[in-house]
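Just so it is clear, none of the values below were taken in a lab; they were calculated from the coordinates. These numbers were taken from a predicted model, which means no experiment stands behind them. Cβ placement follows ideal geometry from the backbone for every residue including glycine, while neighbour counts extend to all protein chains displayed.
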Amino acid sequence: KGQFIDMAQIEVAATLIGEVYLDYTINKRIKKPMGNRNPYSAPHGCYRCKGEDEWCAISVFTNDEWQRFCDVLGNPGWTKDPKFADILGRLRNVDELDRLVEEWTATRDAQEVMETLQGVGIAAGVAQKAPYTIEDPQLKWRGAIIEVDHPVVGKKIYPGIPFKFSEMPLPPSTPAPLLGQHTDEICREFLKMPEEEIKRLKEEGVLEAASI
């Protein structure tokens, strides 16, 4: 026997911020907006790159990742400053750190920044605009971006089904039906209506079949 599920949207969201409750009940600290920053890592943000409105998100969590990040940058002098030596120092000086990191990213393409950092195990990702998302090779390979041929508007890009089953193939993607496109099929195959009745109902304006 089925049952109703009573679930409020605010309650679902509230279960995802347990650390906020703990910080307040234990330390009496009230969480404040941090933008793209993270209280446990630095650098952590979305940094401007070469070109118009091009950005790359970068997250450096551990000291080992920090050293690899510095190696990618070529270990400029500021990376050796003691105030950036550990995570606490980087967090205390995060404004200056973000400015220095962006001086590096601003001279490079966002894709280059992402691929270079990912290549050494550092979390990085391009802030994708619609054209980039449509051409993303991973999304294409996963079938998340598909092309569907519609009889009226032609071939267009659409989002695919965002999940996969291990034991069952997904149905083929087809265009949305036109108004009345399946009228004849439903009348004949499912309702078993004779052709004369279908024709009469069309002439009277009761039924309408799409012209493709």
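Numbers at a glance
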| quantity | calculated |
| --- | --- |
| Within straight-line cross-link reach of LYS164, lysines at Cα separation under 30 Å, skipping those fewer than 8 residues along the same chain | LYS1, LYS129, LYS140, LYS155, LYS156 |
| Likely footprinting exposure, VAL153, VAL113, fewest C-beta neighbours within 10 Å first | VAL153, VAL113 |
| Long-range amide H partners of TYR47 with built H, under 5 Å | CYS56, ALA57, ILE58 |
| Mean ellipticity per residue at 222 nm, deg cm²/dmol - from DSSP H runs of n ≥ 4 across the chain, formula -39500 (n - 2.57) | -9500 deg cm²/dmol |
| Chymotrypsin sites (Phe, Trp or Tyr not before Pro), loop per DSSP, at most 11 other Cβ atoms within 10 Å - longest free stretch of the chain | 41-162 |
| Segment 44-127: relative contact order as a whole-number percent, Cα under 8 Å and 6+ apart | 45 |
| Tilt relative to the chain, helix 18-27 - C-alpha long axis, 0 to 90 degrees, to 10 | 30 |
| Within straight-line cross-link reach of LYS31, lysines at Cα separation under 29 Å, skipping those fewer than 8 residues along the same chain | LYS83 |
| Lys/Arg +1, Asp/Glu -1 at C-beta; segment 44-127 dipole; positive extreme among ILE87, GLN118, CYS56 | ILE87 |
| Packing-based exposure ordering (other Cβ within 10 Å, fewest first) of GLU147, GLU52, GLU204 | GLU52, GLU204, GLU147 |
| Cα-based helix-to-principal-axis angle, 63-73 vs the chain, degrees rounded to 10 | 90 |
| Rounded Å value of the spacing that divides the Cα centres of segment 63-125 and segment 140-212 | 52 |
| Burial ordering of ARG99, ARG108, ARG92, fewest other beta-carbon atoms within 10 Å first | ARG99, ARG92, ARG108 |
| Table column - 3J(HN,Hα) (Hz), segment 74-89, Karplus curve with 6.51, -1.76, 1.60, x for Gly and Pro | x, 6, x, x, 5, 5, 8, 5, x, 5, 9, 5, 9, 5, 5, x |
| Candidate values (i) 1.65; (ii) 0.97; (iii) 2.33, label of the one derived for Cα Rg over 2.2 N^0.38 Å | (i) |
| Convex hull volume of segment 1-122 per residue (C-alpha atoms, cubic angstrom) | 190 |
